[in-house]
1. Considering only the range 22-72, state which residues are touching a residue at least 40 places away in the same chain (Cβ under 8 Å), more than 30 Å from LEU101 (Cβ to Cβ) and among the aliphatic types (A, V, I, L, M).
2. Of everything in the range 51-85, what is touching a Phe, Trp or Tyr at 6+ places or on another chain (Cβ under 7 Å) and β-branched (Val, Ile, Thr)? Give them in sequence order.
3. Go through the range 98-139 and give me each residue that's of a type in the set (Val, Ile, Thr) and under 17 Å from the mean Cα position of the chain (by Cα).
4. Being surrounded by 11 or more Cβ atoms within 10 Å (Cβ to Cβ), among the basic types (Lys, Arg), out of contact with any Pro (no Cβ under 9 Å at 6 or more places or on another chain) and closer than 20 Å to GLN51 by Cβ: is that true of ARG143 here?
5. Please enumerate the residues belonging to the range 54-88 that are acidic (Asp, Glu) and on the phi > 0 side of the Ramachandran plot.
6. Of the numbered conditions (1) charged (D, E, K, R); (2) within 24 Å of ILE18 (Cβ to Cβ); (3) surrounded by fewer than 16 Cβ atoms within 10 Å (Cβ to Cβ), ARG114 satisfies every one except a single condition; which is it?
7. Could you tell me how many of the residues in the range 121-150 are part of a helix (DSSP H, G or I) and of a type in the set (Phe, Trp, Tyr)?
8. Which of the strands (runs of 3 or more DSSP E) found entirely inside the range 1-101 contain at least 2 residues meeting this: among the small types (Gly, Ala, Ser)?
Amino acid sequence: MSENNPGNNQQPAVMINIQYIKDLSLEIPHAPSIFGKMNKPPHLKVDIDVQSQKLENSNYNVLLNLAVNGELENEKLFIFELSYGAVVSLNVPEEHIEPVLGIEIPRLLFPFARNIMTQCLTEGGLPPFMLNPIDFATVYNARKAAAANAAAPTTDNTADNA
């Protein structure tokens, strides 16, 4: 029967072998006095970065770096940093590897990273902040555009005054 359905013997296109926390940090620099000022939602600044590295065979290490800073009335409420990683195996065409590593893998990792952040903040005495989903395709495309602009040759538009 496997001759009629050759797809049964193929490896999946993406397989997450392991997920792990590489680095985790939560600071609440003005605790406990800041807790008394929490009568309105804080201003959050979220920074996302994705890094990938080729390992052996068709394995890759992907790191989703999440940094969230909360401020309340111009005072630092918390500083949260997480590097959440995965070792993945890919069975995709060469031209799809970079987008899969930069879009699909972070999309799969994000719910776990968001849950870790929410749990850490809650156990740190803060209300549970839930990050909105992130469009990793937009993040990936913006990063590619920035890299292309940085690599583009600059032209000198100054005129010679002779």
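1. ILE28, ALA31, ILE34, MET38, listed by residue number.
2. VAL68
3. Those that are of a type in the set (Val, Ile, Thr) and under 17 Å from the mean Cα position of the chain (by Cα): VAL100, ILE103, ILE105, ILE116, THR118, ILE134, THR138, VAL139.
4. On the way: surrounded by 11 or more Cβ atoms within 10 Å (Cβ to Cβ): yes; among the basic types (Lys, Arg): yes; out of contact with any Pro (no Cβ under 9 Å at 6 or more places or on another chain): yes; closer than 20 Å to GLN51 by Cβ: yes.
Here the answer is yes, as ARG143 does meet what is asked.
5. GLU73, the sole residue that qualifies.
6. Only one criterion is unmet by ARG114, namely (3).
7. Just the residues of the range 121-150 that are part of a helix (DSSP H, G or I), to begin with: 121-123, 136-150.
Subset that is of a type in the set (Phe, Trp, Tyr): 136, 140.
The number of residues fulfilling the criteria is 2.
8. Numbers: elements: 14-27, 43-54, 59-72, 75-90.
Strands (runs of 3 or more DSSP E) meeting the threshold: 59-72, 75-90.
Where a number appears in this text, it was derived from the coordinates with a stated rule and is not lab data. Owing to the predicted nature of the structure, the values given are computational and were not obtained by experimental measurement. As a convention, Cβ positions derive from the backbone with ideal geometry for all residues, glycine included, and neighbour counts pool all protein chains shown.
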